[in-house]
Amino acid sequence: MMFWISIAALTAAAALSVLMPLARTRQSLALSSDGGPAGAATGVPLDADVEVYRAQLDELERDLERGLINKADHASARTEIARRLLAAEEERTRRLQTPERSVGRSRRLATLAVIALVPLLSLGLYLTLGSPDLPDQPLLARLEAPVENQSVDQLVARVERHLSQNPQDGKGWDVVAPVYMRIGRPEDAARAYGNSIRLLGETEGRLTSQGEALTVANNGIISAAAQQAFEAAVRLDPQAIKPRFFLALALTQDGSRDAAVAAWTRLLDGADETAAWVPVARQHLADLTGTAPAPALPGPDAAQVDAASRMTTGDRTAMIEGMVAGLDERLRSEGGSAEEWQRLIRAQAVLGRADAAREAADLARTALVDNQEALAQINALVAELGL
Amino acid sequence: MIVELGHFALVLAFALALVQSVLPLVGALREDRPLMAVAAPVSVGLFLLVGLSFLGLTAAYLTSDFSVLNVYANSHSAKPLIYKISGVWGNHEGSVLLWVLILVFFGALVGLFGSTIPAPLKAATLSVQAWVTTGFLAFLLFTSNPFERIPSPPLEGQGLNPILQDIGLAIHPPLLYVGYVGLSITFSFAVAALLLGRIDAAWARWVRPWTLLAWVFLTLGIAMGSYWAYYELGWGGWWFWDPVENASLMPWLVGTALLHSAIVMEKREGLKVWTILLAIFAFSLSLLGTFLVRSGVLTSVHAFATDPARGVFILGLLVLFIGGSLTLYAWRAPMLKQGGLFAPISREGALVLNNLFLSAAAAAVFIGTLYPLALDVVTGEKISVGAPFFNLTFGPLMVPLLLAVPFGPVLAWKRGDLLAACQRLYAAFGLAVVAILFCYWLWGGKAALAPLGVGLAVWLMVGAVAELITRVRLFDVGLKRGVARLVGLPGSAWGTAIAHFGVGMTVLGIVTASAFQDERILTMRPGETVELSGYDVTFDGVAPRRGPNFQEDVGLFTLRKDGAVVDRLEPSKRIYEASRMPTTEAGIHTAGFSQLYLSLGEARGDGGVDVRVYFKPLVTLIWIGCVVMSFGGLVSIFDRRLRVGAPTAARSRSKSRSALPAAAE
């Protein structure tokens, strides 16, 4: 509202700057034609010329008085000005004898044009060019807006800004790391865990989370770096379930069948049967000891993600779901690489949402339509997952 | 709201400029006073609106409002405050907005302080100024809108070109623009006079101060740009005949000519028609300069085609304004009354000579700048017109002009006495000859022409002083009265002398710095010393260093004279992180007016590094001379007398010594 009032005020002021002189000088003109000196209203330019020359003459006299010029120069300059003055006076007389034209109509026309044109043109043009409903968005205000009004991206940017200025703030890294995981940026999450470990020291939780982030970033394959993290976590807490789970998984992925069987067996030994991870571990064990050495679940990566999600209780599931939702949202709005699309399709399939997975596959095909190689990968994945 | 209000103010200014383009002019042609009276308040209104718009954009830059596309593309939240402000005009859209702001600022100056200008002239002038404003506002709104928004803005901007993150380049464009655009007001005066078919006495009075004001800023802007190139580009050169530089030099040359012909018009009512033509040309060349820099034709004639909307629009404006005003000139100029007659040997004659040479020089620069572009467009052939062309054309034109400079002020109006003028200059001539001989004695035949150049500079400087001294007859009337008379001299006389003295200083700087420069280009290893013009320069090694947004390799040098350490220089090569763009920073030691200039080249594998060392005698005089010239211009602006140039009476020609010309100056 303030905005439209300001616009109206500006427009009015602009129109008035034209209308005021039009109205005012008409009055003063009427006055001067009553009793003003002859020729005040007409022959203006010639008056100005005569004025200039008269002022020049006055100044010449003053210069002579102050001794700035000598007599001879004064005389010749005086003659020069007088000559010009005479010519100007003649011209002025000639002008005064020509009659004044009537000009009232053009003024009314001008007034009308201004009243109509200035607001119409400026408003019309502004509405086509401008964005009146977009507020100012100064960076500081955006970053300092109440937390509940900010998007996750904004909050992350805020923390990143803070961390770029205070890179030694370990607590900050600790806070941002799980958020990175949730919004589908596992590489950044791994880096953030790395920083918090460097600054705040190793704990079982941080090391495990770092390993997990590295694993997710690596499409579920446990890399050497991730394995080191899990091993370090186990050294700190030999009874911790999660790192041992991943280490067992690593052995499974490596195809070290005997070692893997031993690891899963040790893990399940004395486990709380109600824990969410137990069925997954049993499944792996069964696969290894059963007929097929290869995993029977739809894809090893899927199994891990699945397992990780069920390991602890509800919030872990929620976190995975949040991650997937974040990835989904990001890919829909901004698009992404073939790799990211595959991650989404796989995740949806693993969460048991076949429809969502199929939809993601369709979206991926549209998004990657120009990329033959990626299309082939997507199709292969869809076939693999049996969608 | 501030941003959108700025946008609306710009649109409103466009509508108001349209009104201003028509109403006052119609009023002036029909002698309708109320319509003419519209001009002054609207000119102020236009300035306030565009000012509001500029403030809106500046506010967006200061608060890093990345919802404005222009801010997102050219700013970064971590940038220092000064570069956030200079970022406003460090890009295409913002710089055009600044252009328009200065345009309406000059209009408002005329509207506010032009109460002595006859109403029709004032009204028509402001209308013409509004035409130009309308054209550029349309350019801004329809092709280069700085207020374009992004609905969901990113959280960080893309940053400013590192080359522009320099204090010199932060203030160089506004100076240059005030100069360029200041010439618009003389253009508007000239077109108004053509439209009205009449040149008033007041016309003549007003043109000179306006031209001077623009000229002062143009001079400073060019000097600043030249100094920036000197310390930033690492070649030790101060002028490259680069098209961008030439684009600013052409309006300066014509503006200088205009300045001098305006004197003739103001004092003798002569050269009116010619002055009008010069006024049109001066601003046309400013427009051309803007076109060259803004359309992208300079980087490549093909860059013009990549963004045709902008290039074609500004080319259209160019054709419209230049073509239109020249057509108007061809049609109306013959109707204007010519002014007073004069003999060839007279102050007027000298100023005509000045005009001829300056115009020819501007034409030479024009051809050298545009011919390669035209050839590229027509045949696709790429040629480069460099210093040799300009040395052969521009140089020879300058020498006779500079030789004639001291004669101008000592000649009388209408018909001068060359003999009397020479007598007033004999001291200057004598000193110049002494200077030449001294230079030959000092440097021998090392550079045959250089001592003559030094002589020319001395001739200019002493000539300027001699003019003042002989005018008050310092040695005839005694020191005390003489000094009193000097103080009483009008500002314009002082201005002329100071500006001409400045020209001499610049010439001296150019001659000595180019002819007697001592240079070494070599590879130095840490610990090595090179001897140059009495200095021992020791290379201590290279150290890496981190700046706020760049990394640099700094060369550490110690400067000794007669064994004593006089300075430590740290020239460097920088890489800006955001753009990976390298820049060089020269290390400069100033001693008196001379400078020792150090610049780093490529690093060799073995710890050695290529180094360019120059000793440039009196090099700073080049820029100090420009500043002195500008100061002379300022002194002259504040001389607000009504000036009249009276010819000397014929009888006084017989009395040789006492013939004191141009008394009423």
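The values are calculated or read from the model by the stated rules, or taken from the named source; none is laboratory data. Worth saying up front: this structure is predicted, and the values here are computed from it rather than measured. Cβ: placed from backbone, ideal geometry, glycine included. Neighbour counts: every protein chain shown.
With (1) in contact with a strand residue (DSSP E or B) (Cβ under 6 Å, 6 or more places away or on another chain); (2) within 30 Å of A:ASP133 (Cα to Cα) as the list, and B:LEU141 as the residue in question, which single condition is left unmet?
Only one criterion in (1) in contact with a strand residue (DSSP E or B) (Cβ under 6 Å, 6 or more places away or on another chain); (2) within 30 Å of A:ASP133 (Cα to Cα) is unmet by B:LEU141, namely (1).
From the list A:LEU140, A:LEU163, A:LEU121, which one is facing chain B (nearest Cβ under 9 Å) and crowded, with 17+ Cβ neighbours inside 10 Å?
Values: A:LEU140 fails: crowded, with 17+ Cβ neighbours inside 10 Å; A:LEU163 fails: facing chain B (nearest Cβ under 9 Å).
Every option except A:LEU121 fails the conditions.
Quick check, is B:GLY182 closer than 30 Å to B:LYS79 by Cα, buried (at least 24 other Cβ atoms within 10 Å of the Cβ) and either outside the structural domain of B:PHE66 (by TED's automatic domain parsing) or over 22 Å from the mean Cα position of the chain (by Cα) (or both)?
So B:GLY182 fails the test.
For segment A:354-387, enumerate the residues that are in contact (Cβ under 8 Å) with a residue 12 or more places away in the chain and β-branched (Val, Ile, Thr).
Correct list: A:ILE378, A:VAL382.
Of the residues B:ILE199, B:ILE263, B:ILE171, only one is of a type in the set (Val, Ile, Thr), modelled with pLDDT under 90 and outside any helix (DSSP H, G or I); which?
The unique qualifying residue is B:ILE199.
Select, from B:LEU618, B:LEU596, the only residue that is under 27 Å from the mean Cα position of the chain (by Cα), assigned to a loop (DSSP other than H, G, I, E, B) and not β-branched (Val, Ile, Thr).
B:LEU618
Could we say that A:GLU373 is within 24 Å of A:ARG182 (Cα to Cα), assigned by TED's automatic domain parsing to the domain that holds A:GLU321 and in a helix (DSSP H, G or I) here?
no
Need the failing condition index for B:PHE66 against (1) buried (at least 24 other Cβ atoms within 10 Å of the Cβ); (2) under 30 Å from B:ALA119 (Cα atoms); (3) in contact (Cβ under 8 Å) with a residue 40 or more places away in the chain; (4) facing chain A (nearest Cβ under 9 Å), just the number.
The failed condition is (2).
Among the residues of segment A:124-137, which ones are out of contact with any Ser or Thr (no Cβ under 7 Å at 6 or more places or on another chain) and facing chain B (nearest Cβ under 8 Å)? Give the steps one after another, and end with the answer.
The initial filter retains those residues of segment A:124-137 that are out of contact with any Ser or Thr (no Cβ under 7 Å at 6 or more places or on another chain), namely A:124-133, A:135-136.
Result: A:LEU125, A:TYR126, A:LEU129, A:GLY130, A:SER131, A:PRO132, A:PRO135, A:ASP136.
Tell me which of these B:ILE521 doesn't satisfy, since it passes every other one: (1) away from every other protein chain (no Cβ under 14 Å); (2) touching a Leu at 6+ places or on another chain (Cβ under 7 Å).
Every condition holds for B:ILE521 apart from (2).
Criterion first (modelled with pLDDT of 90 or more, surrounded by fewer than 23 Cβ atoms within 10 Å (Cβ to Cβ) and not aliphatic (A, V, I, L, M)) does B:GLY51 satisfy it? Reasoning before the result, please.
Working: modelled with pLDDT of 90 or more: yes; surrounded by fewer than 23 Cβ atoms within 10 Å (Cβ to Cβ): yes; not aliphatic (A, V, I, L, M): yes.
Taking the combined requirement at face value, the residue satisfies it.
Among the helices (runs of 4 or more DSSP H) lying completely within segment B:304-403, list those that include at least 3 residues that are hydroxyl-bearing (Ser, Thr, Tyr).
Filter on segment B:304-403 gives B:324-332, B:347-379.
For segment B:140-162, which positions are within 29 Å of the chain's Cα centre (by Cα) and buried (at least 22 other Cβ atoms within 10 Å of the Cβ)?
The answer is B:LEU140, B:SER144, B:PRO146, B:LEU160.
For segment B:345-390: of the residues being more than 14 Å from B:TRP241 (Cβ to Cβ) and β-branched (Val, Ile, Thr), which is surrounded by the most Cβ atoms within 10 Å (Cβ to Cβ)?
B:VAL352
Residue check, A:ARG185 against (1) of a type in the set (D, E, K, R); (2) over 23 Å from the mean Cα position of the chain (by Cα); (3) buried (at least 20 other Cβ atoms within 10 Å of the Cβ), all met but one. Which one?
Going through (1) of a type in the set (D, E, K, R); (2) over 23 Å from the mean Cα position of the chain (by Cα); (3) buried (at least 20 other Cβ atoms within 10 Å of the Cβ) one by one, A:ARG185 breaks only (2).
Please go through (1) touching a Phe, Trp or Tyr at 6+ places or on another chain (Cβ under 6 Å); (2) more than 7 Å from chain A (Cβ to nearest Cβ) for B:PHE8 and return the number of the only condition it doesn't satisfy.
(2)
Just checking, which of B:TRP239, B:TRP274, B:TRP252, B:TRP228 is free of Cβ contacts under 8 Å to residues at least 60 places away in the same chain and either surrounded by fewer than 24 Cβ atoms within 10 Å (Cβ to Cβ) or not assigned by TED's automatic domain parsing to the domain that holds B:MET629 (or both)?
Exactly one of B:TRP239, B:TRP274, B:TRP252, B:TRP228 is free of Cβ contacts under 8 Å to residues at least 60 places away in the same chain and either surrounded by fewer than 24 Cβ atoms within 10 Å (Cβ to Cβ) or not assigned by TED's automatic domain parsing to the domain that holds B:MET629 (or both), namely B:TRP239.
In contact (Cβ under 8 Å) with a residue 40 or more places away in the chain and either more than 27 Å from B:ALA223 (Cα to Cα) or over 28 Å from the mean Cα position of the chain (by Cα) (or both), is that true of B:VAL537? Step through it out loud before you land on a result.
Values: in contact (Cβ under 8 Å) with a residue 40 or more places away in the chain: yes; either more than 27 Å from B:ALA223 (Cα to Cα) or over 28 Å from the mean Cα position of the chain (by Cα) (or both): yes.
So B:VAL537 fits the description; yes.
Of the conditions (1) among the aliphatic types (A, V, I, L, M); (2) within 7 Å of chain A (Cβ to nearest Cβ); (3) under 28 Å from B:LEU169 (Cα atoms), B:ILE82 clears all except one; give me its number.
(2)
Can you give me the number of residues within segment B:21-48 that are more than 7 Å from chain A (Cβ to nearest Cβ) and either within 20 Å of B:LEU98 (Cα to Cα) or free of Cβ contacts under 8 Å to residues at least 24 places away in the same chain (or both)?
Qualifying residue count, segment B:21-48: 5.
Sort through A:SER196, A:SER164, A:SER131 and tell me the only one that's modelled with pLDDT under 80 and among the hydroxyl-bearing types (Ser, Thr, Tyr). Please lay out each step first, then the result.
Numbers: A:SER196 fails: modelled with pLDDT under 80; A:SER131 fails: modelled with pLDDT under 80.
Testing whether each residue is modelled with pLDDT under 80 and among the hydroxyl-bearing types (Ser, Thr, Tyr) leaves just A:SER164.
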